[in-house]
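What follows is one structure encoded as structure tokens, with my remarks underneath.
The values are calculated or read from the model by the stated rules, or taken from the named source; none is laboratory data. Every value quoted in this text rests on a predicted model; they were computed, and no experiment measured them. Virtual Cβ from ideal backbone geometry, glycine too; neighbours counted across all protein chains shown.
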Amino acid sequence: MRVLVIGSGAREHALLLALRADPQVDALAIAPGNAGTASIADQHDVDVSSGDDVVALARKVHADLVVIGPEVPLVLGVADAVRAAGIACFGPSKAAAQIEGSKAFAKDVMAAAGVRTASSEIVDSPADLDAALDRFGPGAGDAAWVVKDDRLAAGKGVVVTPDREVARAHAASLLESGHPVLLESFLDGPEVSLFCVVDGQTVVPLLAAQDFKRVGDGDSGPNTGGMGAYAPLPWLPDDVYRGIVSQIVEPVAAELVRRNAGFSGLLYAGLAITSQGPAVIEFNCRFGDPETQSVLGLLDSPLGQLLYAAATGTLADFGELRWRDGAAVTVVLAAENYPGRPRVGDVIVGSDADGVLHAGTVRRDDGAVVSSGGRVLSVVGTGPDLAAARSAAYDILASIKLPGSHFRTDIGSAAAEGKIHL
Ligand code: AMP
Ligand code: GLY
């Protein structure tokens, strides 16, 4: 099987490594890729938001399967174009990708499917802001305000704060630039990312993971695209895991089918395990980054065959997934100033070590690998338990040099120490 992967992050680097390990995969291509993926796949520079360009590339490399990593091409309908060209595609249609692309659509689907989620309100005029803020936050019984940019924002458009002025300032600046704001009730409790391979009504869950959205240790500082992740979750009881699949993901998949927007691809449920049980923070229409780097680090089943089964509507026959024992911890190395405008163009030393996945990297003409984005590398450590996987990841990180870079030192530490309780 010849597989074309679309994307350029450490998630796509992890997808390529897992695809390469599948004995039925014999050729890999990627667009646009990065300095790390260039050594394991044929790299092509095309506009991945253009269905026509992706189809032309898929034909050129004779792809049997196209795997679309990021949300932007999915929301724009690139998977529809690939399927219309008669090529199997892992990734939802434009209609189904609205589960991530439109928060209003996602809330409507969840309401129809009877799934618990935060209550929310859209504010589109500055004149309505203060009254709306009064209906959320500490005055309304929530520990914090949750203020979201109502567009795709790569995880960075969300401010969660107990400080009304901070909440107000974020909302006001979005409104001033003409963007509607979503206010949500605050969901308290540890977060879970559950990735499910879905084709229509068939749902195959992967290992549950947890990611770390804030930039600093102890969940301090602003939200980012994700600074680290670990899997599996030793503190998540099996019945809660199974309940998320049967009471949240399966009903949502069924509701999408009912709306003629059946989902084919990776349905990602982001949840908080509240005192009243799991509640959805958001759905995404693709693999999450950096959780994928941890989850795929433990997958023993052949990924190419799994994704091909979903893409061709035969997932129900695929059977149970197999996982390696132990744990995987991913730590993101970020450029100076990330999640603000990152410093780029610095030489990275040590980025070719085992367990290092590339994201914002390019190879310069002189052969040096240099930084080109905010999240530069993902370092993945595995081991018999979380503590061992943590040490493995941080040992690799210690051998990498990038001026001004930063990373969190506490990825998976609370779970490793048994400090997460439901
Ligand atoms: P999102 O971009 O919607 O994934 O939000 C980014 C992060 O903000 C989530 O991973 C949570 O940590 C936090 N967050 C978003 N919505 C809520 C909510 N309603 N209650 C509590 N935390 C939230
Ligand atoms: N890990 C968060 C995301 O991929 O959206």
Residue match in segment 6-15 (condition: under 28 Å from Leu321 (Cα atoms), within 16 Å of ligand 2 (Cβ to nearest atom) and β-branched (Val, Ile, Thr)): yes
Single residue of segment 160-190 satisfying the filter (away from ligand 2 (no atom under 16 Å from the Cβ), buried (at least 16 other Cβ atoms within 10 Å of the Cβ) and of a type in the set (Val, Ile, Thr)) that is farthest from Thr274 (Cα to Cα): Val181
Pair list, Cβ under 8 Å, 6 or more apart: segment 69-98 residue under 16 Å from Phe283 (Cβ atoms), other residue of a type in the set (D, E, K, R) and buried (at least 24 other Cβ atoms within 10 Å of the Cβ): Pro70/Arg286; Glu71/Arg286; Leu74/Arg286; Gly91/Arg286
Top-ranked residue in segment 124-145 [being buried (at least 22 other Cβ atoms within 10 Å of the Cβ) and at pLDDT 95 or above; ranked as nearest to ligand 2 (Cβ to nearest atom)]: Trp145
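Scanning segment 393-422 for residues that are small (Gly, Ala, Ser) and part of a helix (DSSP H, G or I), which turns out surrounded by the fewest Cβ atoms within 10 Å (Cβ to Cβ)? Spell out how you get there, then give the answer.
First, pick out the residues of segment 393-422 that are small (Gly, Ala, Ser): 393, 398-399, 404-405, 412-416, 418.
This time we only want the ones that are part of a helix (DSSP H, G or I), so: 393, 398, 413-416.
Details: Ala393: 27, Ala398: 10, Ser413: 17, Ala414: 17, Ala415: 22, Ala416: 21.
Checked segment 393-422; the qualifying residue surrounded by the fewest Cβ atoms within 10 Å (Cβ to Cβ) is Ala398.
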Conditions (1) under 23 Å from the mean Cα position of the chain (by Cα); (2) touching a residue at least 40 places away in the same chain (Cβ under 8 Å): number failed by Phe105: (2)
Output for segment 374-392, where each listed residue is assigned to a loop (DSSP other than H, G, I, E, B) and either modelled with pLDDT under 95 or more than 11 Å from Leu333 (Cα to Cα) (or both): Pro384, Asp385
Filter result (assigned to a loop (DSSP other than H, G, I, E, B) and not aromatic (Phe, Trp, Tyr)) within segment 316-335: Gly319, Glu320, Leu321, Arg322, Arg324, Asp325, Gly326, Ala335
Failed item, numbered, when Gln210 is tested on (1) away from ligand 2 (no atom under 16 Å from the Cβ); (2) of a type outside the set (Val, Ile, Thr); (3) in contact with a Pro (Cβ under 8 Å, 6 or more places away or on another chain): (1)
Enumeration of residues in segment 321-358 that are within 28 Å of Pro232 (Cβ to Cβ), without any contact (Cβ under 8 Å) to a residue 60 or more places away in the chain and within 22 Å of the chain's Cα centre (by Cα): Arg322, Arg324, Gly355
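Which members of segment 191-247 meet the condition of being of a type in the set (Ser, Thr, Tyr), modelled with pLDDT of 95 or more and closer than 26 Å to Gly360 by Cα?
As a first pass, look at segment 191-247 and keep what is of a type in the set (Ser, Thr, Tyr): 193, 202, 220, 224, 230, 241, 246.
Filter again for modelled with pLDDT of 95 or more, leaving 193, 202, 220, 230, 241, 246.
Ser193, Ser220, Tyr230 - these are the residues of segment 191-247 that are of a type in the set (Ser, Thr, Tyr), modelled with pLDDT of 95 or more and closer than 26 Å to Gly360 by Cα.
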Residues satisfying the stated conditions in segment 103-116, i.e. within 16 Å of ligand 2 (Cβ to nearest atom) and either surrounded by fewer than 21 Cβ atoms within 10 Å (Cβ to Cβ) or small (Gly, Ala, Ser) (or both): Ala106
Residues of segment 255-295 classified as more than 16 Å from ligand 2 (Cβ to nearest atom) and either touching a His at 6+ places or on another chain (Cβ under 6 Å) or among the acidic types (Asp, Glu) (or both), total: 1
Selection count, segment 392-422, where residues are over 30 Å from Tyr241 (Cα atoms), touching a residue at least 40 places away in the same chain (Cβ under 8 Å) and among the charged types (D, E, K, R): 1
Flag for Arg151 being surrounded by 13 or more Cβ atoms within 10 Å (Cβ to Cβ), at pLDDT 95 or above, under 27 Å from the mean Cα position of the chain (by Cα) and of a type in the set (Lys, Arg): no
Qualifying positions in segment 295-329 - in contact with a Leu (Cβ under 8 Å, 6 or more places away or on another chain) and of a type in the set (Ser, Thr, Tyr): Ser301, Tyr308
Residues satisfying the stated conditions in segment 165-223, i.e. of a type in the set (Val, Ile, Thr) and more than 23 Å from Pro251 (Cα to Cα): Val166, Val181, Val215
